[in-house]
Amino acid sequence: MSNIIMDEVINNLPENIYQILKLNKIEKKDLLIAAKGDLDSDGNYGASWVLATATDMIVATEKSLIYHIEDIEDLSNEKVIAGGLLVATIAGLDSILCSFSNTCARDFGFFVKLFKKLKEGKELSPEDFEDNEMPMFCPKCRTRYDDPARKICPKCFDKRAIFLRVMSYLPKYKIELFFMLLCMFASSILNIAIPYIGGNILFDKVLKAGGEYYGEIVFFIMLMFVIKLVATAVSIIYGRINSSLTARVIFDLKTEIFGALQRLSLSFYNNNQTGTLMNNVNGDAMHLQYFFHDGAPYFIVNFITMVGIFVVMITMNWKLALITILPIPIIIYILKGFFPKLLVMFNRMFRRGGNLNSIINDSLNGSRVVKAFGKEASEVSRFSKTNDGVYQINMDLGQMVQTAFPLLYLMMGFSGLIVWGYGSWLVVNGEMTFGSLITFTGYGAMLIGPLQFMTQITQWWSDCMNSASRIFEIMDTVPEVEEKSDAIRIPSIKGNVEIKDVSFGYEPNNPVLHNLNFKVNSGEMIGIVGHSGAGKSTLTNIITRLYDVKEGAINIDGINIKDLSLKDLHSQIGMVLQETFLFIGTVAENIAYAKPEATMKEIIEAAKVANAHDFILELPEGYDTIIGSRGKNFSGGEKQRISIARAVLLNPNILILDEATASLDTETEKLIQEALEKLIKGRTTFAIAHRLSTLRNADRLVVIEKGKIEELGTHEELIRSKGTYYKLLQKQKEALKLQGVS
Amino acid sequence: MNEIKYITSEQGEFYKNTGGFLGLKIGEKGYPRVSLVRSFPYTHLHNFISIRDKENNEIGIIEDILTFPENIIELFNEELNRRYFLPIIKNIYSVKEEYGYSYWNVLTDLGNKKFTIRRDNYSFINVKDNRVMVIDVDGNRYEISDYEELDSKSYRLIELML
């Protein structure tokens, strides 16, 4: 056997289970598949095991039971809210074998899948075991990933590699980098020089009788002026280079991220976990921006400054240097404890402020409902409750800041006093000049900032590397739906579609479609009928290859769509969906979305076919009307007709209509129905509709129930067979009659 | 048709079948396997429990399961606990933040447990007042019924997330 998870389960069975196996003459090598659960039979955390040989299945909880596989009619993995049950059907009766939490759901799903193969009498091949093996484990240390959606191993997470990759965006800008580093160095040196000049030189050499430059005040003022000038110039140059460099690096990075996002398959977007990853992508890019703009440069400047100051202070007077440095760790310790608290309070303030804004928004947007139900007073009280929270946190924060900061300053002042005290004593005893004392106090104050920065750097560094790792993860994700390198080009699809033994689910072990089989001829219109959640839209998703099927095949004109060029496939399948989406841009641009090179004539023709031309011309800006966040808002029916025009212009050979006329009023529906009828002519069409009357032109109908094809035939055939379609039709007729009466 | 069909202890006879599932008899009609679904899983644990057949069609609703005999309530609780598997966190030994995840080691009412949560807005949800739901990377849920009732060490570990 070749599956890490199962091997581990089998090799680590408790002794008593080995004994039971022995008693039943089962040897370890006979065990083919295994799964370990994490709950005992009372539902507490514990353990349970299911094992199977080619002929028997063993379930071990507190007691062990052995079943003959041939007696088990069905084995299934039933999902409950946060876990699952392994259920066996034996002699027509469903029995719970064991339960487990979500942590083990995948392993049990895999067990059931392989069990079914065993039950069919098939031999398990190494490929059968591959499914969930490698990606779940860290390839380096073999630890199981905590989060199956993000392959990050806490033991092997290589921050250095990520850091180097972040830095790899920089070499493009070598010259800028060189000047920036030069400026940083200069700025650090000047920072160190200023207190020295203001202390040692001013007091000891300029103002002191007998000093080297005694009385040369003009020279000294000039010197100070020049230094300030240079310092300012350096900081301007540095700031300008830094800003442009950061902006460019982040621009490069964001372009790459957006490119990666577009390349990814739909499944990536729909996956909850990866969805979260994407929501954060902009925030992550911001983190990196801070890294380039503030973090890294400050780190370098602060480091040079700190080392420089230490060296100068120790050379001047090591005793006073020690006294200056001593209180700093205490101050930093206090700051380290205080700042996270402050940060939490600030976060809380922002969050509560945000909540308050949403309530205001909610209530104002819903003002019609509020007024209609006379709920003004309760809205005010809802607002007051949240507002009270905002008031409370503002007050707490204000009081905390007003108390803590003066105390902190007092502390700093006190440590300054010690330096002054001891320094003055040294000056009085002639061990040190007054100027040096002034320089020391200057340096003491300068050290606090950089040191505090250094204490936060670990947290800041790991945040930054996390962001970078998430960004790189998106960039590195291989799209699930990928074009083969030798993809077949098919410039003109005829539209023969064959669905062959197709089973499909969005999540592993949770199939939505089961073993579908049917053929559609070129130009034929197929109506897809079924209850909500039956799998109708899923069927269209796999025909258009937004998702790849794992079992079975979908052939278009006799070629498996996985072998076809994606561009050819998508450019020849048109879709009109219930939820239309118009992009920011003009009406004309939206119609031409799938064919940007379309001429004005083509656009107008398409709009005419879609019954959209007339309402577009009623707009003062006609086809140039801007749609979008600040543009014109269209009604549902108008948007729908624009999206039909989009499909008309694409002139697809295969057309998918997914509830294209739902939720529209009768008049608009008529217009759209008309437009669709024109559009459908001569194309292979898959139309999903709840209202069966809209499918009256369909050549054949497929009825899907719970992911299976229940009926397939023409309208007349299905009526004659008096099955699900007939019943649905009768129900809708009755409903229409009722509407007519009222 | 849309009226609620209530099942009372007089009409409905619940029993545990040999397979471990709950069965129901109402008059002549028998359902060998039914499941219980809470209408208000956060706020009303005993009220408005929907009884569903194997095909997930509603048979009826129990307004308050506590009106049933003791032994039946036990069966209900067993079934509900299995469905709404929700360990209650009693004590937090450690929470370690790293690499965008936080690694928890806790004591729950069902035993000790180590789990990992993502550091995002969906994994640590303040449901109401002092009640918190923690959702780990596998989608398991854990409840902190009242964070102010936690001992001070446990509280300090999650304070920054509240």
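The values are calculated or read from the model by the stated rules, or taken from the named source; none is laboratory data. Since the structure is predicted, the reported quantities are computational estimates derived from the model, not experimental observations. Quick reminder, even Gly has a Cβ in these numbers, built from the backbone with ideal geometry, and neighbours come from all protein chains shown.
Has region A:685-695 got any residue that is part of a loop (DSSP other than H, G, I, E, B) and within 20 Å of A:V497 (Cβ to Cβ)? Within region A:685-695, one or more residues are part of a loop (DSSP other than H, G, I, E, B) and within 20 Å of A:V497 (Cβ to Cβ).
Inclusion of A:I616 among residues that are β-branched (V, I, T), in a strand (DSSP E or B) and crowded, with 18+ Cβ neighbours inside 10 Å is not warranted. Taken over region B:121-137, the criterion of being within 11 Å of chain A (Cβ to nearest Cβ) and closer than 19 Å to B:N81 by Cα is satisfied by B:M133, B:I135, B:D136.
Grab the helices (runs of 4 or more DSSP H) fully contained in region A:566-610, keeping just those with 3 or more residues being farther than 23 Å from A:L264 by Cβ. Break it down into steps so the answer makes sense when it comes.
Working: elements: A:566-571, A:587-591, A:600-609.
Those helices (runs of 4 or more DSSP H) span A:587-591, A:600-609.
Just to verify a result, which residue in region A:82-104, among those that are aliphatic (A, V, I, L, M) and not in a loop (DSSP other than H, G, I, E, B), is farthest from the other protein chains (Cβ to nearest Cβ)?
Quick first cut of region A:82-104, residues aliphatic (A, V, I, L, M) only: A:82, A:85-88, A:90-91, A:93, A:96-97.
From the residues that got through so far, the ones that are not in a loop (DSSP other than H, G, I, E, B) too are A:85-88, A:90, A:93, A:96-97.
Working: A:L85: 7, A:L86: 11, A:V87: 8, A:A88: 8, A:I90: 8, A:L93: 5, A:I96: 4, A:L97: 9 Å.
Checking each candidate, the answer is A:L86.
Scan region A:63-79 residue by residue and report those that are free of Cβ contacts under 8 Å to residues at least 60 places away in the same chain, outside any helix (DSSP H, G or I) and more than 16 Å from A:D42 (Cα to Cα).
A:L65, A:I66, A:Y67, A:H68, A:I72, A:E73, A:D74, A:L75, A:S76, A:E78
If you check A:N347 against the conditions, is it surrounded by 11 or more Cβ atoms within 10 Å (Cβ to Cβ), in contact with a helix residue (DSSP H, G or I) (Cβ under 9 Å, 6 or more places away or on another chain) and either closer than 23 Å to B:L160 by Cα or among the charged types (D, E, K, R) (or both)? No.
Scanning region A:58-81 for residues that are charged (D, E, K, R) and within 13 Å of chain B (Cβ to nearest Cβ) yields A:E73, A:D74, A:E78, A:K79.
Residues of region A:15-49 being over 23 Å from A:L114 (Cβ atoms) and among the hydrophobic types (A, V, I, L, M, F, W, C), which ones? Matches in region A:15-49: A:L23 only. Collect the residues in region B:104-132 that are among the hydrophobic types (A, V, I, L, M, F, W, C) and either in contact with an Asp or Glu (Cβ under 6 Å, 6 or more places away or on another chain) or part of a strand (DSSP E or B) (or both), keeping them in residue-number order. Hits for region B:104-132 are B:W104, B:V106, B:L107, B:F115, B:I117, B:F124, B:I125, B:V127, B:V132.
I'd like to verify a number: residues in region B:142-158 that are within 14 Å of chain A (Cβ to nearest Cβ) and either exposed (fewer than 13 other Cβ atoms within 10 Å of the Cβ) or not acidic (D, E) (or both), how many?
Step one: of region B:142-158, the residues within 14 Å of chain A (Cβ to nearest Cβ) are B:142-143, B:155-158.
Imposing the further condition that a residue be either exposed (fewer than 13 other Cβ atoms within 10 Å of the Cβ) or not acidic (D, E) (or both) reduces the set to B:142, B:155-158.
Final tally of qualifying residues: 5.
Here the strands (runs of 3 or more DSSP E) wholly within region B:1-103 that include at least 1 residues being acidic (D, E), surrounded by fewer than 13 Cβ atoms within 10 Å (Cβ to Cβ) and away from chain A (no Cβ under 11 Å) are B:58-64. Considering each residue of region A:109-120 in turn, at least one proves to be more than 12 Å from chain B (Cβ to nearest Cβ), exposed (fewer than 15 other Cβ atoms within 10 Å of the Cβ) and not in a helix (DSSP H, G or I). Quick check on A:E507: is it at pLDDT below 80 and acidic (D, E)? Answer is yes for this residue.
Considering each residue of region A:199-219, count those that are touching a residue at least 24 places away in the same chain (Cβ under 8 Å) and part of a helix (DSSP H, G or I), and give that number.
Kept after step one, since they are touching a residue at least 24 places away in the same chain (Cβ under 8 Å), are these residues of region A:199-219: A:199-205, A:208.
Subset that is part of a helix (DSSP H, G or I): A:199-205.
Count: 7.
Checking the condition buried (at least 19 other Cβ atoms within 10 Å of the Cβ), closer than 19 Å to A:A105 by Cβ, in contact (Cβ under 8 Å) with a residue 40 or more places away in the chain and not hydroxyl-bearing (S, T, Y), which residue from A:A82, A:A52, A:A88 passes? Walk me through how you get there before you give the answer.
Values: A:A82 fails: in contact (Cβ under 8 Å) with a residue 40 or more places away in the chain; A:A88 fails: in contact (Cβ under 8 Å) with a residue 40 or more places away in the chain.
Unique residue meeting the criteria: A:A52.
Has region A:373-392 got at least one residue that is modelled with pLDDT of 85 or more, hydrophobic (A, V, I, L, M, F, W, C) and in contact with a Gly (Cβ under 9 Å, 6 or more places away or on another chain)? Yes, there is a match, as at least one residue in region A:373-392 is modelled with pLDDT of 85 or more, hydrophobic (A, V, I, L, M, F, W, C) and in contact with a Gly (Cβ under 9 Å, 6 or more places away or on another chain).
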